[in-house]
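Reviewing the structure listed below.
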Amino acid sequence: MGKKSRDKGARFELEVAKLFSNAYDLEFRRTPLSGGWAKDADVAQGDIVCLDDDEFAYCIECKNQEGWKFESLFTSSHSWFDAWWNQAVDECPDDKDPLLVFSKNYTPIFVAMSSDIGFGIQTKAFASLVWNGDRIVITDLESFLDWDSEYISG
C-alpha cells in the first residue's frame, strides 16, 4: 500500500472516530498502528477504539477505497465486500460485534452490521445481503449513529 493510500485511510479513520465521539459523547481514537496491535484477545482490535467505555459493543473496521460499486452488492461481483467483512469479523473479539464503516470519494459513509444487532435499523437499510448464512444490513453512518445512540441511551 502506498503512502497516499495510507494517508487517505488514516484521514478517514480520524473522521470516523470524531463522528463516533460526537454521537456517543465518548472518546474514540484510531487504534495505534491502525489495527496493528498484537492479535491478542485482551487487546483492542479494529481501526477505531473507544477509550472511555470498555463495554462499547462494537469493533469498528474502516475502509476508504476506490474501485467498488454499491450496486455490486446485489450481484455476484462483491468480492471487495466479502474481503472487508471477513476482516471485520476475523479481527472482532468474541465480546464485540463487527461494524464495517466504508466509503470512497464522493459517496456517503456506509455501515455494515449483522442484522442481529441492526434489527431495529432495517427500516433505514440501503441493502441487506446474506453472508455465510448471516444477514448483513447496510445503512448510512448518520442513520446508524442516530439509531444506535438513541437505542443505547434508552
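The values are calculated or read from the model by the stated rules, or taken from the named source; none is laboratory data. What you see is a predicted model, and the numbers here were worked out from it, not measured in a lab. In this analysis, Cβ positions are derived from the backbone assuming ideal geometry, glycine residues included, and neighbour counts consider all displayed protein chains. Just so you know, the surface numbers come from the protein's heavy atoms only, side chains and all, with ligands and any DNA or RNA stripped out. Shrake-Rupley method; radii C 1.70, N 1.55, O 1.52, S 1.80 Å.
Might you check whether a residue that is at pLDDT 90 or above and buried (at least 19 other Cβ atoms within 10 Å of the Cβ) occurs anywhere in the stretch 129-140?
No, the stretch 129-140 has no match at all.
How many residues does the stretch 41-91 contain that are at pLDDT 90 or above and among the polar types (S, T, N, Q)?
Result for the stretch 41-91: 4.
Test each condition in (1) modelled with pLDDT under 90; (2) open to solvent by less than 30 Å² (accessible area, probe 1.4 Å); (3) not β-branched (Val, Ile, Thr) for LEU99 and report the one that comes out false.
So LEU99 meets the others, but not (1).
Of all residues in the stretch 72-82, which are open to solvent by 60 Å² or more (accessible area, probe 1.4 Å) and closer than 17 Å to ARG135 by Cα? First the steps, then the outcome.
Pass one, the stretch 72-82, residues open to solvent by 60 Å² or more (accessible area, probe 1.4 Å): 74-77, 79.
If the condition is that a residue be open to solvent by 60 Å² or more (accessible area, probe 1.4 Å) and closer than 17 Å to ARG135 by Cα, then PHE74, THR75, SER76, SER79 are the ones that fit.
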